[in-house]
Amino acid sequence: MNNALSKLFLGIIVCALFSCGGDTLPKPKAMLRLDYPSPKYEKSSLDCSYSFEKNEIAKFQKAKGNRACWYNINYPKLKATIYVSYYDIENNLDSLLRDAQNLTQEHFIKADAIQPKDFVYPEKKVYGRIYEVSGNAASSCQFYVTDSLHHFVSGSVYFKVKPNYDSILPAAKYLRNDIIHFMETIQWKE
């Protein structure tokens, strides 16, 4: 019996030595996989001085208050909203531009960077700028677009979660592309 016990003990030691092969490696960091549908755009049906194409997954909601043509474009799946404001230009283009730029600068405290990109389509009388805000700022993207004579539209993206740039980055990029499409397809009504 002593011989059997020795063989068992030797077998356990051999198994223990050979079962621990190689170095232990840490698991690679995983990224959350978020799949959003490919955007399909439809023309907006707002009774306003402008029209544009919006993503079909987005829903319009009239903004609270008495302001004409102020709308929220809600993205329930992304838990985000684009707040869109419209102003008639009445010798106040400079102050509207300044207000839009100052609103973006208010996020600079929490932002890591703010990247502006200009949009100029003189044949359509569309001039604007989009600001991509990186970092844990409240708004990840802001924009304005105007014909510089009669119409001024501004907007901001807000998520219904605490700002965490790494977590909202895929959704923020998706919405940024929708805003760019908004700016490229906006048409003024006379």
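The values are calculated or read from the model by the stated rules, or taken from the named source; none is laboratory data. As the structure is a prediction and not an experimental result, all values here were calculated from the model. No Cβ is skipped: glycine too gets one built from the backbone with ideal geometry, and neighbour counts run over all protein chains shown.
Key figures for this structure:
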quantity	calculated
Residue within region 108-119 that is surrounded by 20 or more Cβ atoms within 10 Å (Cβ to Cβ), within 26 Å of Lys40 (Cβ to Cβ) and not acidic (Asp, Glu) present	no
Region 99-115, subset under 19 Å from Val84 (Cβ atoms) and of a type outside the set (Asp, Glu), residue modelled with the lowest pLDDT	His107
Residue in region 97-104 that is among the basic types (Lys, Arg) and surrounded by fewer than 17 Cβ atoms within 10 Å (Cβ to Cβ) present	yes
Residues (touching a residue at least 24 places away in the same chain (Cβ under 8 Å) and in a helix (DSSP H, G or I)) located in region 45-98	Leu93, Leu96, Leu97
Ile13 vs. criteria under 23 Å from Glu132 (Cβ atoms), hydrophobic (A, V, I, L, M, F, W, C), loosely packed, with under 13 Cβ neighbours inside 10 Å and modelled with pLDDT under 95	no
Residues satisfying the stated conditions in region 177-188, i.e. among the hydrophobic types (A, V, I, L, M, F, W, C) and in a helix (DSSP H, G or I)	Ile179, Ile180, Phe182, Met183
Of all residues in region 148-171 being under 9 Å from the mean Cα position of the chain (by Cα) and within 20 Å of Glu53 (Cβ to Cβ), the one that is surrounded by the fewest Cβ atoms within 10 Å (Cβ to Cβ)	Ala171
